[in-house]
Amino acid sequence: MKETLDEQSRQELIRYRLERADEAMDEARLLFDASHYNAAVNRMYYACFYATQALLLKHHIAAATHAGVKTMLGLHFVSKGILPVVHGRTFNTLFEKRHSSDYEAFAYCDRDMVNDLLPLALSYIEALKELVNQSKK
């Protein structure tokens with residue numbers, strides 16, 4: 001059975017998820033600087049995942065899996081024009097890259113790829129933070 005959060009707990013969880021997003025991006029930068037590119041992609045994905053969880057939670061949208069989070073983001077925010085398509089693509093790309101680098105044999109992320117993804121992930125997180133904060137009004 002799913003537990004229901006009271007409003008204060010929900011707000012605290014949203015804040016926590018956004019903090020975790022920032023921490024995971026810091027970890028991604030450290031891993032990038034140490035040439036651990038697959039791990040950097042993993043942390044970038046999780047940074048975006050945590051921010052997405054915060055947005056979904058803010059809007060009382062449930063998702064039980066990573067694929068569910070991706071689907072709910074597309075359904076409720078990207079397809080309605082609330083979140084630009086470029087950000088939806090960023091999340092989808094990180095989802096796929098993280099999955100392949102974690103589970104597929106001989107899947108490697110390189111410096112150029114990660115260097116291109118870092119600013120996209122940062123922009124994604126900032127856009128989601130804005131949406132979370134807008135919905136407080």
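The values are calculated or read from the model by the stated rules, or taken from the named source; none is laboratory data. For clarity, every value in this text was computed on a predicted model and none was experimentally measured. Backbone-built Cβ (ideal geometry, glycine too); neighbour counts: all protein chains shown. Protein only, heavy atoms only, side chains kept; ligands, DNA and RNA dropped before computing areas. Shrake-Rupley method; radii C 1.70, N 1.55, O 1.52, S 1.80 Å.
A few remarks follow.
- Residue match in the stretch 19-27 (condition: over 13 Å from the mean Cα position of the chain (by Cα), within 25 Å of residue 111 (Cβ to Cβ) and surrounded by 16 or more Cβ atoms within 10 Å (Cβ to Cβ)): yes
- Every listed requirement among (1) farther than 17 Å from residue 121 by Cα; (2) open to solvent by less than 40 Å² (accessible area, probe 1.4 Å); (3) among the aromatic types (Phe, Trp, Tyr) is met by residue 16 save one, (2).
- Long-range neighbours under 7 Å by Cβ, at least six apart or interchain, first residue part of a helix (DSSP H, G or I) within the stretch 4-20, second at pLDDT 95 or above and hydroxyl-bearing (Ser, Thr, Tyr): 17/50; 20/50
- Inside the stretch 74-124, residues that are under 15 Å from residue 52 (Cα atoms), touching a Phe, Trp or Tyr at 6+ places or on another chain (Cβ under 6 Å) and of a type in the set (A, V, I, L, M) make up a count of 2.
- Checked against the criterion of being out of contact with any Ser or Thr (no Cβ under 7 Å at 6 or more places or on another chain), free of Cβ contacts under 8 Å to residues at least 12 places away in the same chain, open to solvent by 20 Å² or more (accessible area, probe 1.4 Å) and farther than 28 Å from residue 36 by Cα, the stretch 107-123 has no qualifying residue.
Residues are listed down the side, and each one gets a yes or a no for (1) under 10 Å from the mean Cα position of the chain (by Cα); (2) touching a residue at least 40 places away in the same chain (Cβ under 8 Å); (3) surrounded by fewer than 16 Cβ atoms within 10 Å (Cβ to Cβ):
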position	(1), (2), (3)
42	no, yes, no
53	yes, no, no
57	no, yes, no
65	no, no, yes
69	yes, no, no
78	no, no, no
89	no, no, yes
95	yes, yes, no
130	no, no, yes
